[in-house]
Each structure stands twice: as C-alpha cells, then as structure tokens.
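Structure first, commentary second.
Where a number appears in this text, it was derived from the coordinates with a stated rule and is not lab data. Quick caveat, the model's predicted, so the values are computed rather than measured. Virtual Cβ from ideal backbone geometry, glycine too; neighbours counted across all protein chains shown.
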Amino acid sequence: MFLRCFTYKGLVVQLLPGSPIPNSLNSFSVYTASSKKGDNMTKRVYNFYAGPATLPLPVLKKVQGELLDFHGTGMSVLEISHRSKEYDEVHKKASELLKQLMGIPNDYKILWLQGGASTQFFMVPLNLQIVGKPMEYVNTGNWAKKAIKEAKLYGDVKIVASSEDGKFSYIPKNVQFSSGASFAHITGNETIGGIEWQEWPKVPSEVPLACDMSSNFMDKVIDVKKFGVIYAGAQKNLGPAGVTVVIVREDLINRVPENTPTMLKWKTHVEKDSLYNTCPCFAIYICELVLEHLQSLGGISAMEKQNRKKSKLVYDVIDKSKGFYRGVAKQDSRSLMNVTFNLATPELEAKCVEEAKKKGLIGLKGHRDVGGMRASLYNAVSLGGVQVLCEFLREFQENNQ
Ligand code: PMP
C-alpha cells in the first residue's frame, strides 16, 4: 500500500510508507509512473484546501475498512442508533481523547454540536450575555466581522481593537478588555486573511474569553484555562464538516435566559452529553479516529513542532522571493495554518494555481472575498507535501519572473 502519490513532470510519483521525507524533489524515489484508470492505485493529491480539508490517510483507510461492518455489528456506523452501545463507545472516546490531548480541566465540558461555527456566532451572545454589560470583540477580519454581526442582534457590542486600518494584516497588540464586559471574544486564526494570535490577550479575571478556533484548533499547545469558551467547526483540523466542537467552562452554562430555545442552550447539551437529539454520529466517529491518530503521532506538541516547520518553509520561500511572492500577514501575526500571499497580478496568480494543480498541488486559490493565493497547512498536511509545494513555488518564480 502506498502512502502518498502525486504528479510531477507528468509522472505519478509515489512514496512508499516509511520512506524518508525527501529534502528536494530530486531525491524522491519514483516507484511507479502510471495513472491509468482501473490500475487499483489510489490517486491522492497534495490538498491545501482551507476546509473541508485533507484528512489523515490512515483515518480514511480505517473508515473505508469499517464502513460496511462497524465493530462486528453487521451495520455501518452510518446506520446504527446514536443511543446504541457501539456508538456510545465512539462518542465517549472522542471526548476522552480530546480531553487528554488538549489537557482540558475537569470543570470544562465538551460538546459535539451541529450548525457550524456560524451557529456559535449567535450562541455565544445568547449563552453568555449579561444584560447591561457590553459584549467586547476584537475585529481581525472576515470571521470576526461575522461573529460581531450576530452579537449585534442581541445587544451592545464594543469593538475594543481592530486591524481594519491595516487591511487585517495583523493581530492588534495590547488589547484592553474592560472588567465590566459580559464576555470578550477573539478569532484565534483568521482563515481568509492568514493571521493568528501568537499570544492570548489578557482578560480581566471575571470576564470569560470566548475564542473561535475553527482554523487553529489543535494547531499548537494551548492552556484551556485561559478561556471561558472555545469553539471550532471540525472541518479543518479535527474531522469532517457537520460537527462543531464547543469546550465550555461549567460555571458559564447557567447564564442563559430560560426562554432561550432548548437546542440553542449549551446547558441542554451539557446535561445530555451532546445526545439531547440525534448527534452527527458519523462526523464524531471520524473526529474520534483523527484524535486517535494524533495521539499515535505524539499529540499536539508533536503537531505544533511540525506545523512550525511546515509554515516556516513556505514563509521562507515568500521572504526569499525578492517580492515575487508578497505575504499578506505582517511577520508577527503570521498564521501557522493558512499562509496567504499575492503575486504581481491576478492573472499570474491564476497561472500559478493552474500549474500547481497540474502537479497535484490542489486548493491554492485564495478566498473569493480577497483573491490572491493561500496554502492551508493543517495538521494532516504532510511535511513532504509542503516541501513539494515549496519546490514548485521556487520553480514557478524562476520561470515567470
Ligand atoms: N470561523 C472561522 C475562523 C472559519 O474559518 C470558518 C469557516 N471557514 C467559520 C468560522 C465558519 O464555520 P462554519 O462554516 O462551520 O459555520
């Protein structure tokens, strides 16, 4: 079985499992050069999509192997009750693994919900607002703006800092939240702009910090105790689309007004262990497998090390390109997960995306709202894949400058 397969100079190149990660394309071993239909090979490209995004191959293989007969039940995990013993094991294990890997303290609850991070944009104010106390937000880009828009439906929102003046190319420094705030809200990583908090802001002890970690969930070791609430759509670093993880400090679940719809109270889901209604079983099952895989690789600290290495490789290409590639983010705000950059013209960017695609490097077009290019380097993106990308970018520069 092959682990990785990509096209380069018209060949389908495969890396055998266990083979060392090459330093340059020249040192790749070409084991097979074929992409004929029906030759039983799994064609896998290097996937740099921003989300849904690449998943670890061993996880996909396991899902494939268990799809028709899950743990000897004679049924697919897609077909069994969310209240069955077999599913319950998956459900509990997913939470346990997340708790272990992130070091989540006992007074925090883990919820597996639906509706995406976009639903948490209004669930956060619904569940945390104290009438008469402002909700304080930092505006760092497209996703922060969307969160702010929803909060404004519920009451007084104060923008305590913004990087709009710099076209959202940086994370504001020395952000001051007031002690009279209902809660403080930040976007851990702006997926579109490619900026990420490097140090968490200081927040008065009585004010819970809520963080949208959709695109930097588990990208590095964090201290969960600094947050009142963490939420993330799973489809980038944790699993497939369809499930949103919420980690909430226990004492915050009772703030919600009684007349809030049942499904929109975190409290409902805490009390029923995310099984108040039919949970997204299949998506949670895949998250559980991703978490198991992550544990086998050495956990989040190992991922952080690799993520720093991977993003540095791409930022180095940008920095050494003498302006051919122009990074969007200021150096001190650069994202580990989404590297955003521009070329001289949109036409040249389109050419670069197209040529990359021909070489099996997929998903490098920037978000439709901002254009440019973006390489998303989530946990499941291999170091080898990033090296191939860098080699391609250097070569593209040579041929087009
Ligand atoms: N926040 C961030 C930082 C995101 O990147 C996204 C999705 N790309 C969202 C929120 C919205 O997530 P969802 O599509 O799961 O609602």
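Numbers for the structure displayed
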| item | result |
| --- | --- |
| Nearest-20 debye value, the chain charge dipole, Cβ charges on Lys, Arg, Asp, Glu | 820 debye |
| Point-to-point label distance, Val224-Leu348, nm (Cα→Cβ direction, 7 Å offset) | 4.7 nm |
| Degrees between helix 57-66 axis and first principal axis of the chain (Cα, 0 to 90, nearest 10) | 70 degrees |
| Cβ-based charge dipole, the chain, positive-most Cα from Ala117, Pro172, Gly363 | Gly363 |
| Between helix 142-151 and the chain: long-axis angle, C-alpha atoms, 0 to 90°, nearest 10 | 20 degrees |
| Gain upon complete extension [Glu355, Ser118; 0.36 nm per residue less C-alpha separation] | 81.9 nm |
| Acute angle (nearest 10 degrees) that the helix 383-400 long axis makes with the longest principal axis of the chain, alpha-carbon atoms | 60 degrees |
| Modelled FRET efficiency - R0 56 Å, Lys158 with Glu89, Cβ distances, 0.05 increments | 0.80 |
| Reach of Lys320 by Cα under 22 Å, taken over lysines that are not fewer than 8 positions away in the same chain | Lys309, Lys310, Lys312, Lys330, Lys351, Lys365 |
| Positive-end residue, the chain charge dipole about Cα centroid, Cβ charges, pick of His71, Phe396, Leu60 | Phe396 |
| Cα gyration tensor shape for the chain, rounded if a/c is under 1.5, else prolate or oblate | oblate |
| Selected from Asn47, Asn307, Asn254 as most flexible by GNM, with the chain as the system and alpha-carbon contacts under 10 Å | Asn254 |
| Estimated 222 nm signal from helices in the chain, with DSSP H stretches of n ≥ 4 weighted -39500 (n - 2.57), rounded to 500 | -10000 deg cm²/dmol |
| Links that overshoot a 27 Å alpha carbon limit, given the list Lys173/Lys267; Lys62/Lys272; Lys146/Lys167; Lys225/Lys265 | Lys173/Lys267; Lys62/Lys272 |
| The chain: antiparallel DSSP beta bridges as a percent of all, rounded to 5 | 60 percent |
| Charge sum, other residues only, whose C-beta stays under 9 Å from Asn307's C-beta, Lys/Arg counted +1 and Asp/Glu -1 | +3 |
| Alpha carbon centroid spacing (whole Å) that separates the stretch 337-355 from the stretch 173-237 | 29 Å |
| Label point distance in nm, Glu79-Lys202, each placed 7 Å from Cα along Cα→Cβ | 5.9 nm |
| Assigned charges on the beta-carbon of Lys, Arg, Asp, Glu; the stretch 70-295 dipole about Cα centre (debye) | 380 debye |
| Euclidean distance of C-alpha centroids, the stretch 288-316 and the stretch 43-79, integer Å | 20 Å |
| Modelled FRET efficiency - R0 35 Å, Gln100 with Val131, Cβ distances, 0.05 increments | 0.40 |
| Two-site FRET efficiency, Lys167 against Asp69, from Cβ-Cβ distance with R₀ of 60 Å, rounded to 0.05 | 0.70 |
